[in-house]
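Novice: Mind looking over this structure? Questions follow.
Every number in this text was worked out from the coordinates using simple rules, so none of it is lab data. No experiment lies behind these values; they were computed from the predicted model shown. Cβ: placed from backbone, ideal geometry, glycine included. Neighbour counts: every protein chain shown.
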Amino acid sequence: MTEPETGLRERLVDAGVQLLAAEGVQALTLREIARRAGVSHGAPRRYFPTHLELLSAIARRGFTELAARASEAAGDGTSGPREQLTALGRAYLDFALTHSGMHELMFRHDLLESGHLGLREASLPLFSRLSGLIGPLRPDADARVLAGSLLANLYGIAQLWNWGSLRLATGAGDITALLRTALDAHLGPEAG
């Protein structure tokens, strides 16, 4: 792909990311993304043969940003697994609460082509990191299944918090207690 083609491809993804942030997943039509990128409504098809491929490229941006936040949160890896999981959980929830449209899209595999555009490669490292940290804490359990359950729990916390349901039901002012409870439920109570 030539530099101008790469630039237009990135411009289409940028327009999709901006549209997603402003109006949510339901607004991500090829026509609207093209309009916001300043190109004809047929131009996206040149770089993204299907709508799903364009949405996957947009979601990849989200996974890339979330992975960067997770790496920063985990630090140099010298803290214990529980501390790292707590930091990762906070980073995940912060991302989900501040990028709710992107968060929704990233996990909508009914809308994505995970085998294309490096989406799988962008999404699996975070899951592998969770599994790797859970393993030493729960050697009695399948770390991948437990990581999936924890991720689903965090996803649910984020969605229900964004919708206002958890604030109403729990009276909580922030999600710290919910994160701690989710970790305790999956890992057992924190020692000491």
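Novice: Angle check, please: helix 51-74 long axis (alpha carbons) against the longest principal axis of the chain (alpha carbons), in degrees 0 to 90, nearest 10.
Specialist: 40
Novice: What angle, in degrees between 0 and 90 and rounded to the nearest 10, separates the Cα long axis of helix 143-162 from the longest principal axis of the Cα atoms of the chain?
Specialist: Taking Cα atoms only, the helix is inclined about 70 degrees.
Novice: For n ≥ 4 DSSP H runs only, could you compute -39500 (n - 2.57) per run for the chain, divide by its residues and tell me the 222 nm figure to the nearest 500?
Specialist: Mean residue ellipticity at 222 nm (helix-derived): -23500 deg cm²/dmol.
Novice: Modelled label-to-label distance, A21 and L97, 7 Å Cα→beta-carbon offset: nm?
Specialist: 1.9
Novice: How far, in degrees from 0 to 90, does helix 119-137 lean away from the longest principal axis of the Cα atoms of the chain, to the nearest 10?
Specialist: Tilt relative to the chain: about 0 degrees.
Novice: How high is the relative contact order of the chain? Use alpha-carbon pairs under 8 Å, at least six apart in sequence, and give a whole percent.
Specialist: Relative contact order comes out at 20 percent.
Novice: Shifting gears a bit: Residue farthest toward the positive end of the dipole of the range 1-119, with Cβ of Lys/Arg at +1 and Asp/Glu at -1: which of G62, P81, L111?
Specialist: Most positive-ward Cα: L111.
Novice: Computed FRET efficiency, Cβ-Cβ of D140 and T170, R0 30 Å: what is it to the nearest 0.05?
Specialist: With R0 = 30 Å, the Cβ-Cβ based efficiency is 0.50.
Novice: Where a ≥ b ≥ c are the square roots of the eigenvalues of the C-alpha gyration tensor, would you call the range 125-173 rounded, which needs a/c under 1.5, or, failing that, prolate if a/b is larger than b/c, or oblate?
Specialist: Prolate is the answer for the range 125-173, as a/c is 1.5 or above and a/b outweighs b/c.
Novice: Additional query: Dipole magnitude of the chain about its Cα centre, charges +1 at Lys/Arg Cβ and -1 at Asp/Glu Cβ only, in debye to the nearest 20?
Specialist: Value, rounded to 20: 360 debye.
Novice: Under the rule a/c < 1.5 gives rounded, and otherwise a/b versus b/c splits prolate from oblate, where does the range 63-192 land using the Cα gyration tensor?
Specialist: It comes out oblate by the Cα gyration axes.
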